[in-house]
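The values are calculated or read from the model by the stated rules, or taken from the named source; none is laboratory data. Note that the structure is a prediction, hence the values are computed from the model and not measured. Cβ placement follows ideal geometry from the backbone for every residue including glycine, while neighbour counts extend to all protein chains displayed.
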Amino acid sequence: MKIDTDTLLNSWEPPRHLEHPYLFFSKRDILRLRHKVELILGDLNELVKKNRSKIKKLKRANLNEVKEVTLLSQMATESAFTYALTSDEEFAKFTLDLIEIIKVKDWVMPPHRPLKVDLGVANVASVLGLVYDWLWDYLDDSLKEEIKELLIKRALEPFRIISSKKLEWWTVVTHNWRSVICGCMGLAALSILGEYDKFIECLREAIKGVTVVFDRIGVDGGYDEGVGYWSFGIGEGVKFVEALKRVSKGEVNLYEHPKLKITGYFALYLYTPDNNCFNFSDCDYRPPSSWLIAKLASEYRDPYLQWLAWKLRSENPYYLIFYDESLKYKEPDLPPHRLFRDIGVVVSRSDWSDEASFLGFKTGRTVANHSHLDINSFVFYAFGKRLIKDLGYWPYTPNKGLGFFDVKERRWYYEANSTLGHNTLLVDGVGQVYGSENYGSILKAKFTDAIDLLIGDGRRAYAGMLKKFNRWIIFIKPRTLILVDEVESNKPRKFELLFHPDGKLQEDDQGLTIVNEPVALKVLFLRPSQDEPRVISYRLSRSFYESRRGPTVQENEYVSISPLLKTRRYIFVTILHAYKVRELPKIETSIIEETHDEIALRVKTEEKRVEAKIRLKDLTCNFKITR
């Protein structure tokens with residue numbers, strides 16, 4: 001959807017004056033906010049006590065030595081919000097103490113210099129705007145003028161000029177940097193809308209930058225930077241959208257963007273049974289943004305998103321503001337699977353409970369922002385426990401010298417970013433390659449109540465080394481997987497599959513067991529079998545480097561299996577079956593028949609007996625299921 005920014009702004013007459021606070025709530029909303037805190041957290045007084053205790057601890061520390069302005073800004077947001085709720089001047093004074101420290105620091109984050117505007121400048125600008133709005137009654141005229149001048153001179157004017165003239169690289173991208181900077185600056189501009197003569201010009205740039213990132217969302221709601229950067233990039237844009245809708249009384253309503261209406265389901269489906277997420281790309285293993293889901297649920301009156309918002313309830317000020325207690329939640333009765341074709345991601349689960357099995361399958365582009373070399377990788381959970389994992393995010397480095405974002409070479413020395421950090425294939429000991437011509441795709445995604453069939457094509461990710469890499473994943477619900485990997489090259493090569501366990505490893509003749517109490521996963525290698533020449537390796541590596549957090553040690557533990565000898569073509573067959581630790585695994589597996597183009601398998605578990613006839617050439621599979 002193309003947003004006509006000029007038409008939107010030309011038809012709206014901004015008010016000359018609004019009574020503060022007005023960005024996210026008004027004075028009339030304070031009583032309701034207090035009631036919400038009681039509903040969500042149980043006791044407003046406990047929240048106040050906790051925040052007061054936090055202030056005492058922070059005052060004993062030397063806040064002047066805090067290097068990250070974003071951390072100081074977060075503290076300021078929390079204390080300013082507590083003041084707005086309670087009118088307790090202790091929180092207002094502490095907020096202004098933090099602002100005194102922030103204003104003398106360089107707002108540009110050290111790794112981003114020599115940029116004039118970056119994520120740090122944008123973050124500080126939005127927080128100053130909120131402080132200006134939420135502490136209005138407490139601030140004297142000189143402080144109001146000082147904050148306003150800081151906003152204009154150090155943030156809004158540099159942003160307006162740089163964005164309109166495209167003077168820095170972030171002004172032309174379509175990923176999270178653009179929406180975060182533009183969303184934060186737009187929010188800051190709205191906080192002083194009647195006192196900034198370039199307000200409309202600034203707002204125009206903000207709207208353009210936010211909507212171009214909304215346009216990037218897939219037609220099915222998917223976001224190729226992963227759940228973490230969805231929370232950040234889309235989330236900061238939504239804060240601006242919310243404030244703009246409130247200030248304009250609905251006349252400028254970017255919630256009408258069709259992709260914004262559906263993208264909440266990206267978080268809903270990638271939310272995992274253990275209260276985290278399918279963490280592909282640079283993504284921490286944590287849940288999606290609680291406050292963003294709460295806001296999308298409220299805006300679009302969606303009971304399923306409200307269900308997730310309630311599960312993720314938190315003390316975050318934005319969550320407390322955006323959660324709508326009048327909207328009833330409903331546990332999803334939606335299909336338990338979703339194909340996000342635009343980004344090459346498929347997820348499926350046995351059900352929506354906390355004890356569910358969950359399968360995440362990743363193909364897609366290697367050049368998406370913050371992407372990893374993870375084509376045809378997967379994760380698997382059973383009984384609510386993760387058993388096959390993705391390493392996800394490793395801490396970023398503080399400078400360019402360590403090359404964490406050098407996609408031409410050094411980024412791939414960090415094992416979490418490279419193929420070594422994922423459950424996929426090495427070829428001659430080499431992983432996948434970054435580039436627009438190196439990508440994967442979903443060839444088939446077929447879902448039924450009993451069995452799902454997924455096929456991913458990963459051959460292009462290996463820079464011409466492969467003629468074929470089709471990964472078949474057959475999900476026999478509720479807790480069994482069949483993996484069939486057909487790999488082919490023009491010359492003999494060593495093909496090696498990787499598996500990253502989440503739990504303790506135990507080895508036996510057939511394969512191995514992964515134990516993540518109280519759940520275990522049996523991993524059976526049918527090809528290469530114990531009767532074939534094969535190599536099984538167990539590796540634990542530790543990477544030591546200086547991250548933004550300081551000295552950092554990151555581990556990568558994985559199992560690999562390969563035929564002993566090089567070959568032009570090989571078909572791997574692996575069975576994974578989950579069970580409770582105190583129960584003996586009841587699984588029988590065999591290859592019934594095998595030709596060049598077909599392979600027939602039998603898998604018998606506690607629940608059912610499945611015979612699968614896989615036609616590799618036709619990309620079809622027939623199943624016979626008996627109880």
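Of the residues in the range 590-601, at least one is out of contact with any Leu (no Cβ under 8 Å at 6 or more places or on another chain), at pLDDT 95 or above and surrounded by 12 or more Cβ atoms within 10 Å (Cβ to Cβ). Screening residue 605 against (1) over 30 Å from residue 70 (Cβ atoms); (2) at pLDDT 95 or above; (3) surrounded by 12 or more Cβ atoms within 10 Å (Cβ to Cβ); (4) not basic (Lys, Arg) leaves a single unmet condition, (2). Candidates in the range 62-96 are the residues that are β-branched (Val, Ile, Thr) and part of a helix (DSSP H, G or I); of these, the one that is farthest from residue 36 (Cα to Cα) is 69. Looking at this structure, is residue 43 free of Cβ contacts under 8 Å to residues at least 24 places away in the same chain, over 20 Å from residue 25 (Cβ atoms) and of a type in the set (D, E, K, R)? Here the answer is yes, as residue 43 does meet what is asked.
Under the condition of being in contact with a Lys or Arg (Cβ under 9 Å, 6 or more places away or on another chain) and of a type in the set (S, T, N, Q), which residue from the range 529-585 is nearest to residue 608 (Cα to Cα)? Filtering first and then ranking leaves 574.
Applying the criterion of being at pLDDT below 95 and assigned to a loop (DSSP other than H, G, I, E, B) to the residues of the range 533-565, the residue that is surrounded by the most Cβ atoms within 10 Å (Cβ to Cβ) is 548. Note on the range 136-188: among residues that are touching a residue at least 40 places away in the same chain (Cβ under 8 Å) and among the small types (Gly, Ala, Ser), the one that is surrounded by the fewest Cβ atoms within 10 Å (Cβ to Cβ) is 164. Would you confirm, using the coordinates I've provided, whether residue 101 is modelled with pLDDT under 95 and either in a helix (DSSP H, G or I) or surrounded by 18 or more Cβ atoms within 10 Å (Cβ to Cβ) (or both)? Against the criterion (modelled with pLDDT under 95 and either in a helix (DSSP H, G or I) or surrounded by 18 or more Cβ atoms within 10 Å (Cβ to Cβ) (or both)), residue 101 qualifies. Of all residue pairs spaced 6 or more apart or on separate chains, those with beta-carbon atoms under 7 Å, a first member in the range 441-463 that is in a helix (DSSP H, G or I) and a second member that is surrounded by fewer than 17 Cβ atoms within 10 Å (Cβ to Cβ) are 459/467; 459/468; 460/437. When each of 255, 318 is tested for being in contact with a Phe, Trp or Tyr (Cβ under 6 Å, 6 or more places away or on another chain), over 30 Å from residue 357 (Cβ atoms), in a helix (DSSP H, G or I) and hydroxyl-bearing (Ser, Thr, Tyr), the lone residue that passes is 318. Among the criteria (1) in a helix (DSSP H, G or I); (2) within 16 Å of residue 179 (Cα to Cα); (3) in contact (Cβ under 8 Å) with a residue 60 or more places away in the chain; (4) touching a helix residue (DSSP H, G or I) at 6+ places or on another chain (Cβ under 8 Å), the one residue 224 does not fulfil is (1). Restricting attention to the range 106-165, the residues that are among the acidic types (Asp, Glu) and under 13 Å from residue 187 (Cα atoms) total 1.
Do the conditions hold for residue 194, that is, is it in contact (Cβ under 8 Å) with a residue 24 or more places away in the chain and over 21 Å from residue 363 (Cα atoms)? In short, yes.
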